[in-house]
């Protein structure tokens with residue numbers, strides 16, 4: 001809290017100072033630096049207009065929309081099964097997880113429930129897409145801080161996870177596999193054993209990152225105490241997922257959400273960190289990958305037999321009503337508010353994506369930090385451009 | 001005795017040509033070796049990939065392909081760039097590299113120049129590159145370049161001091177500023193009366209060696225000290241606006257300087273061209289000396305590149321703190337201790 | 001699901017799923033009653049789906065006050081999202097094979113009457129926001145009717161700073177502006193963009209240029225044989 005106050009105070013002073021200087025002739029005015037939209041550190045096309053005083057940030061103003069695809073409008077002219085194709089592209093690193101809350105919301109309106117086997121497979125893929133997503137973060141954060149090697153390890157090991165997702169769904173990036181009332185296909189032969197082997201790899205990858213990145217002194221100096229987000233500020237900005245858990249908020253929708261996934265039948269732990277800084281965000285995500293491995297392992301051991309599809313009509317019409325379903329996606333809470341009027345198409349879909357809220361805190365958190373920290377904070381907040389712009 | 005003694009009998013212009021060619025070789029060969037061996041191959045193996053494999057056996061001709069690519073590229077200028085400064089900057093940086101190579105002795109008679117203030121000369125010319133980098137940062141008229149250039153200037157000035165101070169221990173122990181004589185001092189030295197391996201200053205000046213390595217790493221703006229060219233925040237700093245040939249010059253400058261600094265470290269701390277067990281005045285050393293020096297250089301630069309591929313980067317203020325609060329006091333302590341011990345023994 | 005409950009006195013929820021035996025969600029019921037006391041006549045309607053979710057509808061002038069009450073009294077500290085719904089039926093029909101589109105009139109069955117969702121409604125635009133209490137794990141959807149074609153409403157930023165970008169998005173997409181918002185400019189769209197894309201009367205040009213062909217290729221349900229379904233076409 002003290003640090004937060006001092007950050008704010010600092011930025012206030014910096015503001016005052018830059019304002020005062022404008023009135024003096026021959027002033028050294030602040031510099032406006034335009035980070036992006038084509039910038040190596042923004043994973044896509046986010047643009048941040050940073051006003052600098054020396055190397056210190058006076059104000060940061062993210063500008064987006066370079067990749068806005070209008071999904072909320074497009075969903076109004078797509079049938080419910082077609083919408084999953086769209087929402088796959090929101091968070092493209094953990095695509096399958098995007099489909100899940102939408103399908104769950106539609107299922108809630110239709111009052112159908114997927115059979116147990118479908119739910120278990122769904123959860124397994126949900127967690128695998130989390131691993132595929134966050135593993136890349138674990139490497140990418142290091143490369144943003146200048147260590148080139150971890151990201152190659154991340155790409156190497158993520159490949160195996162993608163292979164497993166591909167062998168079930170047929171798609172590496174955009175599975176489009178979830179269906180209202182179940183899933184499209186059953187698991188292929190030998191998949192369970194292969195996935196277990198992959199999980200061993202991912203675990204050793206996590207240990208590697210623990211040694212190579214978390215244990216690295218320079219990494220710690222660069223991230224500890226940088227970009228501190230107190231819990232109450234984070235909540236009021238709508239931060240979610242690992243970002244808010246690393247501020248000490250013990251809240252995970254997989255445990256508390258009560259939606260139609262089977263996380264409550266598994267033995268796992270919600271990790272939190274009291275610090276709320278960049279290091280905490282990295283650390284919590286590292287632990288979450290480990291927990292996901294644990295969960296997938298248990299799921300692989302316990303998948304029940306049975307059908308994978310509930311009885312649903314061939315042409316899906318969703319009864320009138322409204323429903324909001326959110327799940328704990330790799331990037332944070334993702335939810336769909338569906339308004340149905342009883343048609344083939346939704347009347348209105350509000351997509352609540354995690355990164356949009358996660359990034360909306362940047363003007364607050366970037367005030368008063370140094371330029372290099374802008375990068376480490378942005379990297380640790382972990383956003384996907386498609387998830388911001390939708 | 002050797003080609004160098006032979007050269008004395010040649011005309012001045014002939015000597016000049018031979019020296020220029022040898023100078024080019026001494027700068028370009030280490031640079032190429034380092035890029036291929038470490039940047040292409042070692043880095044790839046550390047990152048569980050193969051690196052270039054197509055051009056030549058094991059990608060050994062990749063370097064030529066890269067040079068060819070850069071030479072083909074258009075020489076672009078930003079519209080608002082300060083043209084003269086922008087054009088001159090890479091040459092200033094490269095000039096520093098070429099001047100630096102002059103003081104390196106590669107054998108008892110194999111040297112470009114043999115001056116009594118060799119160490120002083122080396123440290124002086126190595127700082128010229130700061131001017132080149134500042135010129136590049138300013139001349140590009142890009143904010144990223146300017147920030148990068150200023151950061152680089154601040155960093156190079158800060159690490160110049162530990163670099164100099166770390167060598168002072170060596171100078172005190174050898175009792176001379178002449179690089180050749182420092183090598184001979186190590187070759188003829190004894191460790192408590194045992195002269196089996198001479199007395200490489202690595203042993204007595206280990207602290208100095210470590211400080212020197214860290215400072216060199218910073219002078220080269222390599223990770224963990226690559227804040228001036230941090231690609232994830234200021235694109236590539238002062239290199240942002242450079243393309244083609246001029247970028248290539250900067251690139252050569254960077255790696256050649258890495259090689260020469262490693263060779264300097266090898267000379268000051270590992271005994272230079274000398275290998276234990278032989279007579280340092282042996283004529284043989286004029287032949288194998290350069291090879292020995294390159295071998296030791298590769299050893300030292302292995303360390304530099306190992307750090308480079310492993311560590312994330314320091315922030316600019318943390319990096320300044322490391323220089324002023326840790327390295328400078330440590331090297332001062334080293335100087336005092338060396339001085340006292342020198343008097344005592 | 002349920003019919004809207006618009007009279008302000010009876011805010012008691014109806015049980016909506018008729019096939020379930022009246023699950024009573026006392027926690028959420030008590031919650032709604034309590035809000036009713038706090039907001040008084042500004043709370044127009046409410047709706048509870050037991051064990052799942054709560055909706056309330058408030059007046060336009062109580063929009064900010066609602067946020068304040070939810071934040072301070074009920075510790076709804078997590079800001080989830082803020083958006084809007086345009087209830088005026090699209091002049092272009094419902095775009096898909098809805099029954100209303102398939103009338104033989106030239107006029108492609110255009111609806112003109114508005115139908116509202118849960119908690120009902122009176123005006124074309126409804127604000128929709130959701131906040132959440134991470135401790136008790138109860139979330140609430142708040143709706144508010146907005147007067148006029150280009151409504152103005154108080155910003156939520158004093159209570160939930162995270163509403164900043166959401167309100168900018170609503171502004172450009174729906175043409176609803178927020179008073180006292182510090183930076184009321186477009187978020188996604190270019191500054192000179194005309195129109196408000198998420199309004200129902202904003203045409204989606206690609207669909208105008210090439211109408212939807214109808215459901216032509218329905219994939220088989222797992223376990224279904226080909227002969228079971230004789231035709232894979234429209235059965236609307």
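The values are calculated or read from the model by the stated rules, or taken from the named source; none is laboratory data. These numbers were taken from a predicted model, which means no experiment stands behind them. Every residue, glycine among them, receives a Cβ derived from its backbone with ideal geometry; neighbour counts consider all protein chains shown.
Summary table below
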{"read-out": "Any hit, the range B:168-187, residues being part of a helix (DSSP H, G or I) and closer than 30 Å to residue B:234 by Cα", "value": "no"}
{"read-out": "Wholly within the range B:283-345, helices (runs of 4 or more DSSP H) carrying at least 2 residues that are closer than 19 Å to residue B:26 by Cβ", "value": "B:284-310"}
{"read-out": "Residue list for the range A:219-239, restricted to those being without any contact (Cβ under 8 Å) to a residue 60 or more places away in the chain and facing another protein chain (nearest Cβ under 8 Å)", "value": "A:221, A:232, A:235, A:236"}
{"read-out": "Residue list for the range A:171-185, filter: closer than 19 Å to residue A:117 by Cα and surrounded by fewer than 18 Cβ atoms within 10 Å (Cβ to Cβ)", "value": "A:185"}
{"read-out": "Selected residue (only one of B:290, B:312, B:276, B:280 is touching a residue at least 60 places away in the same chain (Cβ under 8 Å) and touching a strand residue (DSSP E or B) at 6+ places or on another chain (Cβ under 7 Å))", "value": "B:276"}
{"read-out": "Flag for residue A:363 being under 27 Å from residue A:60 (Cα atoms), touching a residue at least 60 places away in the same chain (Cβ under 8 Å), in contact with a strand residue (DSSP E or B) (Cβ under 7 Å, 6 or more places away or on another chain) and assigned by TED's automatic domain parsing to the domain that holds residue A:189", "value": "yes"}
{"read-out": "Residue under evaluation residue A:312, criteria (1) within 11 Å of chain C (Cβ to nearest Cβ); (2) within 24 Å of residue A:276 (Cβ to Cβ), criterion not met", "value": "(2)"}
{"read-out": "Hey, residue A:307 more than 19 Å from residue A:354 (Cα to Cα), touching a strand residue (DSSP E or B) at 6+ places or on another chain (Cβ under 8 Å), part of a loop (DSSP other than H, G, I, E, B) and modelled with pLDDT of 85 or more or not", "value": "yes"}
{"read-out": "Evaluation of residue A:336 against (1) outside any helix (DSSP H, G or I); (2) within 10 Å of chain C (Cβ to nearest Cβ) (one fails), failing number", "value": "(2)"}
{"read-out": "Test: residue in the range A:260-283 that is under 21 Å from residue A:352 (Cα atoms) and facing chain C (nearest Cβ under 10 Å)", "value": "no"}
{"read-out": "Scope the range A:347-357; condition touching a residue at least 40 places away in the same chain (Cβ under 8 Å) and either more than 10 Å from chain C (Cβ to nearest Cβ) or assigned to a strand (DSSP E or B) (or both); matching residues", "value": "A:348, A:349, A:350, A:351, A:354, A:355"}
{"read-out": "Complete set of residues in the range A:240-258 that are within 10 Å of another protein chain (Cβ to nearest Cβ), under 13 Å from the mean Cα position of the chain (by Cα) and part of a helix (DSSP H, G or I)", "value": "A:244"}
{"read-out": "Failed item, numbered, when residue A:389 is tested on (1) within 13 Å of another protein chain (Cβ to nearest Cβ); (2) buried (at least 21 other Cβ atoms within 10 Å of the Cβ); (3) in contact with a helix residue (DSSP H, G or I) (Cβ under 6 Å, 6 or more places away or on another chain)", "value": "(3)"}
{"read-out": "Candidates A:161, A:200, A:168 - the one that is crowded, with 18+ Cβ neighbours inside 10 Å and closer than 25 Å to residue B:49 by Cβ", "value": "A:161"}
{"read-out": "Residues located in the range C:47-70, provided they are free of Cβ contacts under 8 Å to residues at least 60 places away in the same chain and either under 22 Å from residue A:336 (Cα atoms) or assigned to a strand (DSSP E or B) (or both)", "value": "C:48, C:49, C:50, C:51, C:52"}
{"read-out": "Residue in the range A:177-185 that is more than 14 Å from chain B (Cβ to nearest Cβ) and modelled with pLDDT of 90 or more present", "value": "no"}
{"read-out": "Meets criteria (in contact with a helix residue (DSSP H, G or I) (Cβ under 8 Å, 6 or more places away or on another chain) and buried (at least 22 other Cβ atoms within 10 Å of the Cβ)) for residue A:277", "value": "yes"}
{"read-out": "Odd one out for residue A:34, checked against (1) away from chain C (no Cβ under 14 Å); (2) modelled with pLDDT of 60 or more; (3) outside any strand (DSSP E or B)", "value": "(3)"}
